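Asker: Handing you a structure now.
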Amino acid sequence: MDITNAPVVVGVRFSKVGKIYHFDAKKLESFRIGDVVLVETSRGWQVGEIVTKVETPVIPGEGGWKVIDRLATPKDLLQRQSWQAKEADVVVLAKKRAQELRLQGIKIIMCEYSYDGSRLTIFFGSESEDKIELKSLRGDMQKAFTPTQVEVKQIGPRDIAKYYGGMGACGLEKRCCCSFITEFSSISIRMAKEQGISLTPTEITGMCGRLRCCLIYEYDNYVEARKLLPKRNKRVITPDGEGKVVDVHPLSQMVVVEFAETGRREYHKDVIEPADELEALTNKAHIIDENKGNGGCADCNQK
């Protein structure tokens with residue numbers, strides 16, 4: 001590979017708490033973290049900020065990385081601001097036209113101009129699972145804003161919540177998605193069950209109406225901690241005798257054991273042993289002793 005033409009991969013972000021995209025910065029003579037650059041994206045030319053240098057990039061499957069065109073100039077930034085100032089009026093017009101077309105089940109959320117105004121993307125949300133025909137809306141918007149190329153795109157409830165911001169369901173002044181989450185992870189109900197969290201909808205549902213993103217934060221820790229503990233309903237040997245596991249506390253490594261006569265007590269995992277395994281080992285030892293032909297096992301009837 002020609003070293004002078006080797007890719008210099010950097011992470012570029014287009015919004016304050018947005019996803020980081022990788023681009024090749026080999027055309028830049030020099031750059032620093034925080035520099036604002038001009039790049040071509042799927043939504044046209046955009047102005048973004050270099051936030052990281054990728055030391056060991058994973059080569060993308062299709063065609064490599066797009067190349068950063070150049071550093072943005074003050075004129076570029078002013079041009080972007082002038083188009084951003086028009087976005088609120090576009091949203092108002094799009095909402096009005098959607099009502100006139102009687103488009104049910106959609107909500108116009110926001111819009112975004114490319115830095116030079118050549119492309120306009122209108123974002124909407126929908127609670128309906130049915131496909132919504134938006135050809136008329138897009139056509140009307142295209143006529144209204146020609147020669148700008150107009151696209152109408154659907155976004156999910158988490159992206160909508162991220163855009164609107166506000167207080168989190170847990171009481172934090174800013175939602176996690178507005179503070180530091182740049183990419184949404186797949187969240188499942190199993191994560192709540194693994195952590196012993198109540199499955200009441202108000203306890204596990206975020207402001208977006210989906211499972212809370214924070215359910216994934218400590219999930220791996222709970223999974224690893226549970227591997228060291230016996231499962232519920234397993235018989236264990238404790239310093240106070242044999243009992244049945246009725247609950248576990250993974251992070252503290254404590255086990256709640258129920259005894260038939262004395263009720264429940266709590267023990268650390270280091271002071272208990274699994275009864276089933278202990279019994280299996282004892283039986284195995286008996287069989288080995290019997291096979292020795294020395295008159296039988298010491299704990300069994302002697303021959």
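Asker: Spot the failing condition for V58; the list is (1) farther than 24 Å from S126 by Cβ; (2) in contact (Cβ under 8 Å) with a residue 12 or more places away in the chain, and only one is missed.
Answerer: (2)
Asker: Specify the residue that is surrounded by the fewest Cβ atoms within 10 Å (Cβ to Cβ); the eligible residues are those in the range 118-153 that are touching a residue at least 60 places away in the same chain (Cβ under 8 Å) and charged (D, E, K, R).
Answerer: Applying the filter and picking the extreme gives E151.
Asker: Which count do you get for residues in the range 238-248 that are on the phi > 0 side of the Ramachandran plot and either surrounded by 16 or more Cβ atoms within 10 Å (Cβ to Cβ) or under 27 Å from the mean Cα position of the chain (by Cα) (or both)?
Answerer: Residues flagged as on the phi > 0 side of the Ramachandran plot and either surrounded by 16 or more Cβ atoms within 10 Å (Cβ to Cβ) or under 27 Å from the mean Cα position of the chain (by Cα) (or both) within the range 238-248 amount to 0.
Asker: Next question. All but one of (1) exposed (fewer than 11 other Cβ atoms within 10 Å of the Cβ); (2) over 30 Å from K174 (Cβ atoms); (3) hydrophobic (A, V, I, L, M, F, W, C) hold for W65, so report the exception by its number.
Answerer: Here W65 clears every test but (1).
Asker: Further question: Would you please name the residue that is nearest to F145 (Cα to Cα), looking only at residues in the range 98-115 that are surrounded by fewer than 18 Cβ atoms within 10 Å (Cβ to Cβ) and either among the charged types (D, E, K, R) or in contact with a Phe, Trp or Tyr (Cβ under 9 Å, 6 or more places away or on another chain) (or both)?
Answerer: Taking the range 98-115 and keeping what is surrounded by fewer than 18 Cβ atoms within 10 Å (Cβ to Cβ), we get 99-102, 104-105, 107.
Subsequent filtering for residues that are either among the charged types (D, E, K, R) or in contact with a Phe, Trp or Tyr (Cβ under 9 Å, 6 or more places away or on another chain) (or both) retains 100, 102, 107.
Values: E100: 18, R102: 21, K107: 20 Å.
The selected residue is E100.
Asker: Here are the criteria: (1) in the same structural domain as S126 (by TED's automatic domain parsing); (2) under 30 Å from T262 (Cα atoms). Tell me which single one K143 does not satisfy.
Answerer: Only one criterion is unmet by K143, namely (2).
Asker: Let me ask you something else. If I go through the range 28-50 residue by residue, how many of them are surrounded by 13 or more Cβ atoms within 10 Å (Cβ to Cβ) and outside any strand (DSSP E or B)?
Answerer: Residues in the range 28-50 being surrounded by 13 or more Cβ atoms within 10 Å (Cβ to Cβ) and outside any strand (DSSP E or B): 4 in total.
Asker: Further question: Evaluate the range 79-96: report whether one residue or more is among the hydroxyl-bearing types (S, T, Y), loosely packed, with under 15 Cβ neighbours inside 10 Å and over 19 Å from V150 (Cβ atoms).
Answerer: no
Asker: Specify which of the listed residues (V37, V17, V47, V8) is among the aliphatic types (A, V, I, L, M) and touching a Gly at 6+ places or on another chain (Cβ under 8 Å).
Answerer: Selected residue: V37, the only one of V37, V17, V47, V8 that is among the aliphatic types (A, V, I, L, M) and touching a Gly at 6+ places or on another chain (Cβ under 8 Å).
Asker: For the range 13-50, which residues satisfy the criterion of being of a type in the set (K, R), within 28 Å of R158 (Cα to Cα) and over 22 Å from the mean Cα position of the chain (by Cα)? It would help to see each step written out before you state the result.
Answerer: Of the range 13-50, the ones of a type in the set (K, R) are 13, 16, 19, 26-27, 32, 43.
From what's left, within 28 Å of R158 (Cα to Cα): 13, 16, 19, 43.
R43 - this is the single residue of the range 13-50 that is of a type in the set (K, R), within 28 Å of R158 (Cα to Cα) and over 22 Å from the mean Cα position of the chain (by Cα).
Asker: Of all residues in the range 234-248, which are free of Cβ contacts under 8 Å to residues at least 24 places away in the same chain and either aliphatic (A, V, I, L, M) or within 17 Å of E194 (Cβ to Cβ) (or both)?
Answerer: Listed by number, the residues that qualify are V245, V246, D247, V248.
The values are calculated or read from the model by the stated rules, or taken from the named source; none is laboratory data. Keep in mind that this is a model prediction, so the values were computed, not measured. Because the Cβ atoms are built from the backbone with ideal geometry, glycine has one as well, and the counts that use them run over all protein chains shown.
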